[in-house]
Amino acid sequence: MSISRTGCFAIVLVLLGSLPLAAASRPPAQGGGGAVASDERLATEVGLEILRQGGNAADAAVATALALVVVEPEAGNLGGGGLAVIKFGDEVTYLDFRETAPAAAHRKTYLDEAGEPVPEASLVGPLAAGVPGSPSGLFELHRRYGKLKWRVVVEPARRLAADGFAVSRRLHHGLVAKKEVLTRFSETADRWFPEGEAPAPGAMLRIPELAATLADYASEGPTAITSGDRARAIEEVSKRYGGILTADDLAAYAPVWREPVRFEAFGWQVASADLPSSGGILVGSTAAIVDRLSWRDTPRFGAQRVHLIAEAWRRAFADRFLLGDPSAAKAGADELLASSWLDQRSASVDPMKASASSSVEPWEHAVASDGVSESSDTTHLSVVDADGNLVALTTTLNGLFGCALYVPEAGFFLNNEMDDFATVPGRPNLYGLVQGEANEVAAGKRMLSSMSPTVAWREGEAVALGGRGGSRIPTATLQVLLNFWLDDDNLQAALDRPRVHHQWLPDQIFSEDDALSPETKAELEARGHEITWVGSLAQVHAVRWSAGGQVEAAVDPRGGGGASGVVRPLF
Ligand code: DON
């Protein structure tokens, strides 16, 4: 395995340098009739409106996700894909609507004749786009669990697109930040920079072409996008810029119901995203390793907990190297969450000294013998209804505005999810992740994700959560859970608390600016850890239900925060 550590490190630093600082906390929203936490106030309000109309958590989650397509077009999407973990009563399920590689994709799609990666090929322009899964995924989630009529669930998003909405500061800043790459495509430039400038924060924006798509989606379902004129338009614009996405790819796409990763941790039952995401396996294995390393009895503050969790992540992310589409992965939850393997992994942790990542081999080698980035390009929403049904849904275009190509006939951006494949195995991707052959590009395959929509419950209590932030999603999700489960934090405090991150390679602890005291940092360095400061590590949104029907919603204060809301106050 050859790994360019320097390349990985450089990518990480460049991308981390631009992150916003965490903002101050706020009280959690509490109420009694259901709750929604999402990135945007207008989208959360749509979810609440649907709950008030008698919709359940699935109706509200789909309506919120569709509202995000309109008001947060840099991440909310119909041109990307996502994952959802759902708990309705005792039934716990996992919907995989991750993008797939187009039929014409192969392991050399992103390489030149010399076998070197073609710059930007998996990041910018439609060659970077996987086959979108959101149109049929959101429809399928509603088909199986929704209570309200489909058109009722789609209508609030259509209305926002048709009547207009106030451009958020985040959207404005995202457009400004990505102007150079977005304006390489006249389709994108014409819509988003009409006079050469991005719409100002607060400006009223209507997107009639998206309203038309949503109107047809409401009456016809996904074929309004995956066949006919819109599918042809997607194929044409893709071809125009050297892409390989076809109308046939769109028509052939199908979401998949899967079993979530299930495990028990600290007295809670947990269900999270299994392959094609690494998220649930990472959350489950690291929870089990820190439990074996006496996490519960370790002082909350100081170096020891940071050391233990970094060592757990170092090992879990080494195993991520083997993961990919379920058809190609070299290991999965059965192997990586097996007690014997977790025992072996935790026994290899020196309680006082950092291991070198170069000495921690992925499972396959260990059994036989022996960078990171984040921007605001994924969006997570958590919903609970009055009956305690929960949906944790994360959806993404991968990078901010995906591949930067807007499809005017459809009203949305295409993703650049192909970069989540190991386009060159052994070399770091956008998130500094070094990935293996199991995640090589091949037609029809799903690219490995880190998204971690998660539901956890015990007698009389349940939470749903997840986040954005690439490889930092599973580490942030676990830290929130540990704060909430073991340290008496309420949901909001559990989200607010500073975070750290490690992902095997690069071999560093990433720490939010305020996560480590000078003494703790010095102690960790003395143990052999390298510390890199970062502005923020992922953004997590969560909801909670407790017996008697009381609900709570909380959003992460990092990176512009989000919006939580409940159906009605208790008092
Ligand atoms: O699926 C994944 O792991 C990535 N495409 C997620 C990207 C992401 O979270 C970016 N957001 N900040």
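Roughly how many debye, to the nearest 20, is the charge dipole of segment 440-520 about its Cα centre, given +1 on each Lys and Arg Cβ, -1 on each Asp and Glu Cβ, and no other charges?
Values: 7 positive and 12 negative charges, 123 e Å.
Its charge dipole is roughly 580 debye.
3J(HN,Hα) along segment 539-547, derived from phi through the Karplus expression 6.51 cos²θ - 1.76 cosθ + 1.60 where θ = phi - 60°, amounts to 9, 10, 10, 9, 10, 9, 10, 10, 3 Hz, with x in place of Gly and Pro. A simple charge model with +1 on the Cβ of Lys and Arg, -1 on the Cβ of Asp and Glu and nothing else charged puts the dipole of segment 155-217 at about 280 debye relative to its Cα centre.
Taking every protein chain into account, the 1.4 Å probe leaves TRP533 with about 100 Å² of accessible area, to the nearest ten. Rounded to the nearest 0.05, the FRET efficiency derived from the C-beta distance between GLN550 and ASP489 at R0 = 22 Å is 0.80. Ordering ILE86, VAL71, PRO117 by the projection of their Cα atoms onto the charge dipole of segment 45-134, which places +1 on the Cβ of Lys and Arg and -1 on the Cβ of Asp and Glu, puts ILE86 at the extreme positive end. Extension gain, THR298 to GLU197: 0.36 nm times the residue separation minus the Cα-Cα distance gives 31.1 nm. Our coupling estimate for segment 505-512, obtained by passing each phi through the Karplus curve with A = 6.51, B = -1.76, C = 1.60 and θ = phi - 60°, is 10, x, 7, 8, 8, 8, 10, 4 Hz, Gly and Pro reported as x. More than 16 Å apart: what percent of Cα pairs in segment 297-368 qualify? Looking at segment 297-368, the distances longer than 16 Å represent 51 percent of pairs.
Using only side-chain charges placed at the Cβ, +1 for Lys and Arg and -1 for Asp and Glu, the dipole size of the chain relative to its Cα centre rounds to 580 debye.
Cut-off 19 Å, label point 7 angstrom out along Cα-to-Cβ of SER359: give me the residues of segment 479-520 whose amide nitrogen falls inside. What the label zone holds, given the 19 Å backbone N cut-off, is 503-509.
Taking 19 Å as the cut-off, the amide N atoms of segment 219-244 that come nearer than this to a point 7 Å along the Cα-to-beta-carbon line of LYS108 belong to 243-244.
Taking amide H as placed 1.01 Å from N in the peptide plane, the amide H of ALA203 sits under 5 Å from that of VAL167, each at least 5 places away or on another chain. For the chain, adding -39500 (n - 2.57) for each run of n ≥ 4 DSSP H residues and dividing by the number of residues yields -10500 deg cm²/dmol at 222 nm.
Reported to the nearest whole Å, the Cα centre-to-centre distance from segment 57-119 to segment 433-460 is 11.
Placing a label point 7 Å from the Cα of ALA252 along the Cα-to-Cβ direction, the residues of segment 120-145 whose backbone N falls under 20 Å of that point are 126-137. In summary, the lysines within cross-link reach of LYS87, defined as a Cα separation below 25 angstrom excluding same-chain residues under 8 places away, comprise LYS147, LYS149.
Counting only heavy atoms of the protein chains and using a 1.4 Å probe, GLU409 has close to 100 Å² of accessible surface. Here the spin labels are modelled as points 7 Å beyond Cα on the Cα-Cβ line, and at ARG169 and ASP514 they lie 1.7 nm apart. With 27 Å as the limit on Cα-Cα distance, the pairs of LYS108/LYS179; LYS179/LYS445; LYS239/LYS330; LYS179/LYS239 that go past it are LYS108/LYS179; LYS179/LYS445; LYS239/LYS330. Its relative contact order, with pairs defined as Cα atoms under 8 Å and 6+ residues apart, puts segment 420-551 at 23 percent. Spatially, segment 385-416 and segment 265-325 are offset by 27 Å when compared through their Cα centroids.
Here the 3J(HN,Hα) profile of segment 214-227, calculated from phi with Karplus coefficients 6.51, -1.76 and 1.60 at θ = phi - 60°, is 5, 4, 6, 4, 5, 8, 10, x, x, 5, 4, 10, 8, 8 Hz, Gly and Pro shown as x.
The values are calculated or read from the model by the stated rules, or taken from the named source; none is laboratory data. In this text, all values refer to a predicted model and were calculated from it rather than measured experimentally. All Cβ positions, glycine included, derive from the backbone under ideal geometry; neighbour counts span all protein chains shown. Note: accessible area is taken over every heavy atom of the protein model, side chains too, but ligands, DNA and RNA are not part of it. Shrake-Rupley method; radii C 1.70, N 1.55, O 1.52, S 1.80 Å.
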